[in-house]
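Each remark here refers to the structure printed beneath this line.
The values are calculated or read from the model by the stated rules, or taken from the named source; none is laboratory data. Not measured: the values here are computed from a predicted model. A quick note on method: Cβ atoms are made from the backbone with ideal geometry, for glycine too, and the neighbour counts reach across all protein chains shown. These accessible areas exclude ligands, DNA and RNA; they are computed on the full protein's heavy atoms, side chains included. Shrake-Rupley method; radii C 1.70, N 1.55, O 1.52, S 1.80 Å.
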Amino acid sequence: MRQITAMTALMMGSMLTAPAFADGHLRIVEEPLELTIQMNHARYPRYDSEWPVEKIASELTGISLVDNTVGANTRTSENNGRTEALNLMLATGEIPDIVGSSRLKDFVNQYGPEGAFVPLNDLIAEHAPNISAFFEERPELAAAIAAADGEMYYIPYLPDGKYGRAYFVRTDWLEALGLEAPETVEELEEVLIAFRDGDPNGNGIADEIPFFARQWPELVRLVTLWDGRSTGSDTYHDFMVQDGEVVHPYAGEGYRDGIANLARWYEMGLIDPEVFTRGSSSREYLLSENLGGMTHDWFASTAGYNDSLAERVPGFEFKAMLPPASVSGVRMEEHRRILVKPDGWAIGATNEHPVETIKYFDFWFTEEGRRLANFGVEGEQYTMVDGKPTFTEEFLTNGKPVNNQLYEVGSQLQARGYFQDYGYEEQWTNPIALEGIALYETMDLLVPDFLGVSFNAEEQRVYDRNWPSIRDYMLERQQGWILGNGDVTEDWDDYVATLESMGYQDVLDAMNSAYERQYGG
């Protein structure tokens, strides 16, 4: 890290001019300051000082970031490369002023308490009013990112928005068969049977696939229709909180009943027979061949098929429908956009300017910084229309993916700690997707999100010793039961006994010990 001259700063900013809001109130240092950064992410494997967003931020704050990535040339994949680069950084002791990475949380929460990263609680309270205000409104998110010692060691990327996935159904098939969108699980079964038997694609062949999924856990998510759960967070197969206690959904009776019915549906031919093997290509193939009737998938990308298949499949219409009511009458959407990511940035322990650095982190939570992080540079990627940042027509219609264009200028970097603005995505989302999101917004469908825990050393040992094999066993039985290899109802008592013998209760005890410490019970 080194001080840089005002002339150098002027040269760095000569190609771009900060927007009109640059009246000096965002400046952090009197003399320009340069901080080193290591950034690990698949989409931007190192920090680029030439990003227009970086140059604007530098001009506004007086602080510039320069790449100092250790082991960058050794990275060959996102996961292996990120881990290798971070571990090499610690091994060499060459910790830059700032470390930004995807999946940073566990790393800094392990090595922060050991002295590798700066604890942030006091720095935030004393020098970061915008970050403080955010976490005062969302204390559960502050608790979620804290380490076992109660300290925060990184500022996270915080996604925005509410609903991510939905039930989609071929409404043109419903119309062809004289049916309405199903309102209950019983009506859903009737619709799937009609899709199987009624030849809604009109080719005279019984080739329709009533329900399909790109990821088979999206099939398992249907256990919610029998009052079960498939996960407690945006992550598949995760724990959940029930009556104040951490439990796992795959040990619940609603899950058992749901799996029993999914096995029945599979045997009846209502579920894609290749649901466990067809993989991510299933949506593209089954829709483009006019074979698939229903799925549970992302709003934006799924709704996009209404445009891309308009000519290939005449009359094609694939729209979101509300979750059918369960056997007890509950409508539930289990998936939501994640509230806080394990991605973000931290302050290295050798940083000689921690106060200036936390103030720089706080800049990205100001109105101006957040707009810069989300939309790019005013006058380039967007203009202000009626007080809102609005992407230019040229930016949206040049044929390039919006996110890729933003990465190229230094916006929407998930290895930067910032609060996303869903307004950036809303502007280029398919109208049918927006219609579906609006439909979901009319009801309270979401369930509480399990935000994870931070283990102490002993809890981590218990978890690592027991959970991987338990999870493997759960998933093995799950798939087996759906495919007809055993009967979940008959096997249930033995299944629960096996979980106990494998240390399931020990894992729950560790989880609940961490949960009570972290969230106050």
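Taken as Cα centroids, the stretch 24-39 and the stretch 199-215 sit 58 Å apart, rounded to the nearest whole angstrom. The lysines whose alpha-carbon is closer than 22 Å to the alpha-carbon of K341, local same-chain residues fewer than 8 away aside, are K105, K162, K359. Ordering S49, M332, G252 by the projection of their Cα atoms onto the charge dipole of the chain, which places +1 on the Cβ of Lys and Arg and -1 on the Cβ of Asp and Glu, puts S49 at the extreme positive end.
Which shape class, rounded, prolate or oblate, goes with the stretch 368-521 when its Cα gyration tensor gives a ≥ b ≥ c as root eigenvalues, a/c under 1.5 marks rounded, and past that a/b bigger than b/c marks prolate? Since a/c reaches 1.5 and a/b is larger than b/c, the shape of the stretch 368-521 is classed as prolate. Listed by number, the DSSP H helices of the chain that run 20 Å or longer by alpha-carbon position along their axis and have mean Kyte hydropathy of at least -1.0 are 78-92, 253-268. Solvent-accessible area of the chain (1.4 angstrom probe, protein heavy atoms only): carbon and sulfur portion equals 47 percent. Think of a 1.4 Å ball rolled over the protein heavy atoms: the chain then has 42 Å² of accessible area per residue. Charged neighbours of Y153, selected by a Cβ distance under 12 Å, balance to -3 (K, R count +1; D, E count -1).
The overall shape of the chain, judged from the alpha-carbon gyration tensor, is oblate: a/c is not under 1.5, and a/b is no greater than b/c. Helix content alone sets the calculated 222 nm mean residue ellipticity of the chain: runs of n ≥ 4 DSSP H residues at -39500 (n - 2.57) each, divided across all residues, give -12500 deg cm²/dmol.
Take the alpha carbon gyration tensor of the stretch 222-351, find the square roots of its eigenvalues, order them as a ≥ b ≥ c, and report rounded if a/c is under 1.5; if not, report prolate when a/b exceeds b/c, else oblate. Oblate, because a/c is 1.5 or more while a/b does not exceed b/c. Here the contact order of the stretch 74-187, divided by its residue count and restricted to Cα pairs under 8 Å and six or more residues apart, works out to 19 percent.
In terms of its Cα atoms, the stretch 86-138 spans 37, 20, 17 Å along the principal axes, sorted from long to short. Between A438 and F276, residue separation times 0.36 nm minus the direct Cα-Cα distance comes to 55.2 nm. Rounded to the nearest 20, the Cβ-based charge dipole of the chain about its Cα centre (Lys and Arg +1, Asp and Glu -1) stands at 1160 debye. Normalising the average separation of contacting C-alpha pairs (under 8 angstrom, six or more residues apart) by the number of residues puts the relative contact order of the chain at 21 percent.
Distance from the C-alpha centroid of the stretch 361-406 to that of the stretch 410-470: 22 Å, rounded to the whole angstrom.
Net charge of the neighbourhood of T350, taken over other residues with C-beta under 13 Å away and scored Lys/Arg +1, Asp/Glu -1, is -3.
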